Amino acid sequence: MTMVPMESVSVTLVATIGALVQGMGDLLAAAVWPVVAGKIADTNGPPFMMLAASLVLVVTAVLTLALKETRLPETLAQQALKTIA
């Protein structure tokens, strides 16, 4: 889940971006989605809520196909020079 953001930032920001992505995932999955799923289940019934969750999964899977590599590949020597400097 956090590989793409970690590859897109400098080495000094990897831990920060990893924590940010994980925190947003926890917030949405533990705080927002249960409320939304409950409203959907109350309005349309539990089967429709499961359909909505399945649609979110499919949309997310399709969107991952649109991701592009943003960081140029580096040699090990270039990475070592960056960590020393």
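Points to keep in mind about this one:
- Residue check for Thr16: more than 30 Å from Leu81 (Cα to Cα) and part of a helix (DSSP H, G or I): no
- Residue match in segment 29-44 (condition: part of a helix (DSSP H, G or I), within 15 Å of the chain's Cα centre (by Cα), free of Cβ contacts under 8 Å to residues at least 24 places away in the same chain and surrounded by fewer than 11 Cβ atoms within 10 Å (Cβ to Cβ)): yes
Each reported figure results from applying straightforward, stated rules to the coordinates on display, with no laboratory input. Bear in mind that the values here come from a model prediction, so they are computed numbers and not experimental data. Every residue, glycine as well, gets a Cβ built from its backbone with ideal geometry; the counts of neighbours run over all protein chains shown.
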